[in-house]
Amino acid sequence: MPKTVYIPQLSRYSNSFPDPRIADQGGLVAWGGDLSRDRVMSAYTKGIFPWYNENDPLLWWSVDPRLVLFPKELKVSKSLRRSQKKFDIKFDTNFQKVMENCKTIRKNSGEGTWINQELQDVFQALHVEGFAHSVESYYEGELVGGLYGLYLGGMFCGESMFSLVSDASKAALAALCQKVLEIGGDFIDCQIPTDHLKSMGAVEMKREEFLDLVEKSLQCKSKIEMWR
């Protein structure tokens with residue numbers, strides 16, 4: 001019989017989290033609390049992220065295995081290399097619209113989304129501070145794809161991506177890899193393993209190994225600024 005793991009409820013009066021190394025097999029670390037700025041920052045620096053459906057309580061995860069993309073290991077197919085040329089890539093020029101598109105496309109597809117107004121508000125605040133960033137793909141002046149996440153220490157914590165035309169989000173990811181390399185970053189946290197991202201070079205990593213990587217990467221002192 002599988003061992004029952006107690007999942008603690010977070011207090012609204014403290015931003016501390018349980019050790020993610022002892023999370024349950026599915027990766028659930030805790031539930032409850034809120035999406036305050038300090039709690040969200042505390043979570044990501046410990047390799048924890050919020051992920052839940054619209055009618056769920058607030059759930060905090062550190063999944064095992066974790067999906068990680070090292071920028072130098074990015075695989076760009078011949079077809080993507082050709083299609084990249086048609087996109088105009090920009091950084092941090094339309095952060096809110098990127099989040100809204102990520103939310104809307106997931107809802108319209110019936111997948112459900114954790115990107116509620118509270119999450120949008122805290123990430124927008126972190127964007128203004130220079131921690132949260134967006135990468136945007138434009139075609140003929142229109143925003144057609146992109147992604148967003150947090151850059152902490154030497155890691156980019158990817159949150160979500162969207163694409164309205166073929167390869168738009170892949171082009172944004174390729175640009176992100178180049179940006180992370182340029183600023184001396186270490187890796188991109190892709191969170192949940194997917195075949196799509198693995199086809200582009202992302203690899204699965206045991207949670208213990210990933211958390212060690214996070215601790216090491218946070219020793220870097222990244223420059224907190226808007227990306228242009």
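The values are calculated or read from the model by the stated rules, or taken from the named source; none is laboratory data. Because the structure is a prediction, the values reported are computed rather than measured. Virtual Cβ from ideal backbone geometry, glycine too; neighbours counted across all protein chains shown.
The residues of segment 170-206 that are more than 12 Å from LEU69 (Cβ to Cβ), in contact (Cβ under 8 Å) with a residue 40 or more places away in the chain and not in a helix (DSSP H, G or I), listed by number, are ILE183, ILE192, LYS206. Only one entry in PHE162, PHE210 is crowded, with 19+ Cβ neighbours inside 10 Å, modelled with pLDDT of 95 or more and closer than 24 Å to ASP19 by Cα, namely PHE210. All told, GLU159 meets the bar of being under 21 Å from GLU100 (Cβ atoms) and either in the same structural domain as ASN108 (by TED's automatic domain parsing) or in contact (Cβ under 8 Å) with a residue 24 or more places away in the chain (or both).
Only one of these is hydroxyl-bearing (Ser, Thr, Tyr) and modelled with pLDDT of 90 or more: SER11, SER16. Name it.
SER16
Taking the conditions (1) part of a strand (DSSP E or B); (2) closer than 20 Å to PHE49 by Cα in turn, LYS216 satisfies each one other than (1). Could we say that SER36 is over 16 Å from the mean Cα position of the chain (by Cα), under 24 Å from LYS221 (Cα atoms) and not assigned by TED's automatic domain parsing to the domain that holds GLY145 here? Against the criterion (over 16 Å from the mean Cα position of the chain (by Cα), under 24 Å from LYS221 (Cα atoms) and not assigned by TED's automatic domain parsing to the domain that holds GLY145), SER36 qualifies.
Listed here are the strands (runs of 3 or more DSSP E) enclosed by segment 69-154 that have at least 3 residues being buried (at least 19 other Cβ atoms within 10 Å of the Cβ) and either in contact (Cβ under 8 Å) with a residue 40 or more places away in the chain or among the β-branched types (Val, Ile, Thr) (or both): 132-139, 142-152.
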